[in-house]
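Engineer: Starting off with a structure, shown below.
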Amino acid sequence: METRVAVISIIVTKADQVEVLNDLLHEYAEYILGRMGVPYREKGLNIISVAIDAPMDKINTLSGALGRLDGINAKVVYAKS
């Protein structure tokens with residue numbers, strides 16, 4: 001199956017959602033190339049970037065699930081194929 005490389009940008013505004021977020025990312029661990037998290041304490045935010053190489057349906061499913069979490073905003077940027 002063809003895969004795509006993408007970056008999922010995540011902004012967490014509710015700290016109580018971090019455990020749910022981590023559980024969800026763990027479900028897709030086989031596709032995740034790496035992730036970087038930056039706490040922005042002054043604004044009470046966490047900014048996370050996730051590099052992923054997966055079939056488009058998996059990326060879209062993960063992104064949709066992230067977007068449905070309260071206090072989580074997620075957007076995907078795909079590499080040109």
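Engineer: Mind listing whichever residues of region 29-47 are within 15 Å of ALA74 (Cα to Cα) and touching a helix residue (DSSP H, G or I) at 6+ places or on another chain (Cβ under 8 Å)?
Structural biologist: ARG35, ASN46
Engineer: Could you list, in sequence order, the residues of region 21-44 that are closer than 17 Å to GLY71 by Cα, in contact with a strand residue (DSSP E or B) (Cβ under 9 Å, 6 or more places away or on another chain) and surrounded by fewer than 15 Cβ atoms within 10 Å (Cβ to Cβ)?
Structural biologist: GLY37, VAL38, PRO39, TYR40
Engineer: Considering only region 1-21, state which residues are of a type outside the set (A, V, I, L, M, F, W, C) and within 14 Å of ALA74 (Cβ to Cβ). Give the steps one after another, and end with the answer.
Structural biologist: Taking region 1-21 first, the residues of a type outside the set (A, V, I, L, M, F, W, C) are 2-4, 9, 13-14, 16-17, 19.
Within region 1-21, SER9, THR13, LYS14, GLN17 qualify.
Engineer: Among the candidates LYS75, LYS80, single out the residue that is modelled with pLDDT under 95 and either touching a strand residue (DSSP E or B) at 6+ places or on another chain (Cβ under 7 Å) or among the charged types (D, E, K, R) (or both).
Structural biologist: Working: LYS75 fails: modelled with pLDDT under 95.
After applying the criteria, what remains is LYS80.
Engineer: Which residue pairs have Cβ atoms closer than 9 Å, lie 6 or more positions apart in sequence or on different chains, and pair a first residue in region 46-72 that is without any contact (Cβ under 8 Å) to a residue 12 or more places away in the chain with a second residue that is small (Gly, Ala, Ser) and not in a loop (DSSP other than H, G, I, E, B)?
Structural biologist: GLY64/ALA74; GLY67/ALA74
The values are calculated or read from the model by the stated rules, or taken from the named source; none is laboratory data. Quantities reported herein were computed from a predicted structural model and do not represent experimental measurements. In this analysis, Cβ positions are derived from the backbone assuming ideal geometry, glycine residues included, and neighbour counts consider all displayed protein chains.
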